[in-house]
1. Got a number for residues in region 216-240 being assigned to a helix (DSSP H, G or I) and over 18 Å from the mean Cα position of the chain (by Cα)?
2. Any residue at all in region 205-221 that is under 13 Å from residue 328 (Cβ atoms) and surrounded by 16 or more Cβ atoms within 10 Å (Cβ to Cβ)?
3. Quick one: residue 155 ticks every box in (1) within 23 Å of the chain's Cα centre (by Cα); (2) loosely packed, with under 15 Cβ neighbours inside 10 Å; (3) not in a helix (DSSP H, G or I) bar one, so which box is it?
4. Hey, can you tell me all the residues within region 305-321 that are part of a helix (DSSP H, G or I), in contact (Cβ under 8 Å) with a residue 60 or more places away in the chain and over 14 Å from the mean Cα position of the chain (by Cα)?
5. If I filter region 50-93 down to residues being within 33 Å of the chain's Cα centre (by Cα) and at positive phi, which single residue comes out as surrounded by the fewest Cβ atoms within 10 Å (Cβ to Cβ)?
6. Looking for whichever is in contact with a Ser or Thr (Cβ under 9 Å, 6 or more places away or on another chain), under 24 Å from residue 310 (Cβ atoms) and either surrounded by fewer than 15 Cβ atoms within 10 Å (Cβ to Cβ) or not β-branched (Val, Ile, Thr) (or both) here; the options are 103, 109, 115. Which one fits?
7. Can you tell me which condition residue 298 does not meet? The list is (1) in contact with a Leu (Cβ under 7 Å, 6 or more places away or on another chain); (2) surrounded by 20 or more Cβ atoms within 10 Å (Cβ to Cβ); (3) under 15 Å from residue 169 (Cα atoms); (4) touching a residue at least 60 places away in the same chain (Cβ under 8 Å), and all the others hold.
8. Write out, first by first residue and then by second, each pair whose Cβ atoms fall under 8 Å of each other, whose residues are 6+ apart or on separate chains, and whose first residue, in region 64-86, is in the same structural domain as residue 97 (by TED's automatic domain parsing) while the second is exposed (fewer than 14 other Cβ atoms within 10 Å of the Cβ) and polar (S, T, N, Q).
Amino acid sequence: MTQSTEAGRSGGFAAEIKDAVTIRAALLVLGVLALQLAFITSYVGAFHQPRPHGIPLAVTASAPGTAEQSVRQLRTLSGTPLDPHAVPDEAAAMRQIEHRDADGALIVDPAGTTDRLLVASGAGASLSQALEQVVRLAGESQGRSLQVVDAAPAAAGDARGLSSFHLVVGWCVGGFLCAAVLAISAGARPADTGRAAVRLGALLLYAVVAGLLGSLIAGPVLDALPGGTAALWGLGTLVVFAVGALTLACQGLAGVVGIGVAVLLVVVLGNPSAGGAYPYPLLPPFWSTVGPALPPGAGTYAARSIAYFDGNGTAGPVLVLTAWAVAGTAVTLACAAFRKGRPGAAVGSGLPDAAGRTEAGAEDDRAPAAGR
């Protein structure tokens, strides 16, 4: 007769449940529930009611003072959907779109009643459509009509400009899963800096391959994204390694629980705030603020810049991704160095088991016995 059967008979149903569901398992299930609720809250909160706010718009006109007057009128719109500013001429307005300093440009015709609006659907179809709707309604209230010109159109194979987002999400998933597999295969926490360095090296190799294959699929194979394959390859390598290093760092700090922390940062918070379906000016304030600072958002913005804007505007996102990669690497190595030589260093979730000890503590108990 097994020990669990004896415990069940002696303690009844409650004892059987306690024996079957350990404290560690219960805490992990509660953690999963928390992640699930956070996932629902984040995605529904970000997408349930998109509305434009502060869309950068360059405004110009051939007559002196006309552009400034239009800017003042546009700033009075309810809800401040636009952030208009005057520029000297149409060429300057076009440069702002190309350099991603503005999401559109309004060319006011002081001699007529039809103005032109330059948009960039490559930055997201939902954004260009929202911009057109706001400017058209504002013009109609003044008795003016609008001609729309797409100055940076999305490629024929890039439906609604979402291919960049989907590519980056795929890279993020790959980086996360690669790091998780490396941890699960030999303990969440690396036993020493040597093993941590090997994991980081394997992750870097994977990132190079994943970045290349992803850029080839999205570019030459499916013809979904224009732009240079080499530039996308470099971006993909950085995205995959940054997410993987972040995951390894979380695992080094919190063991298996760190995987949940990485999911929270990359999937729960990062994906809905990445500016994919709804670019930043259409997201609520929280998501539009955190999005550019997380790997999915930085990667999506950079991928669109490479595909449709000759790489303009990639410096900031690349710095963000580099910071995640460097910080993840440093934390991973530091955690391994701190745990070097400690019994059970390669194992442990940090959660108590059924006996109330942490998993690492159980390893500590077993270590002397193994040496006798």
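The values are calculated or read from the model by the stated rules, or taken from the named source; none is laboratory data. Predicted model only: the values in this text are computed from it and were never measured. Cβ sites come from the backbone with ideal geometry, for glycine too, and all protein chains shown count toward neighbours.
1. Final tally of qualifying residues: 9.
2. Within region 205-221 (the criterion being under 13 Å from residue 328 (Cβ atoms) and surrounded by 16 or more Cβ atoms within 10 Å (Cβ to Cβ)), the answer is yes, since at least one residue qualifies.
3. (2)
4. Matches in region 305-321: 305, 306, 307, 308.
5. 79
6. 103
7. The number of the failed condition is (4).
8. So the pair list comes out as 73/142.
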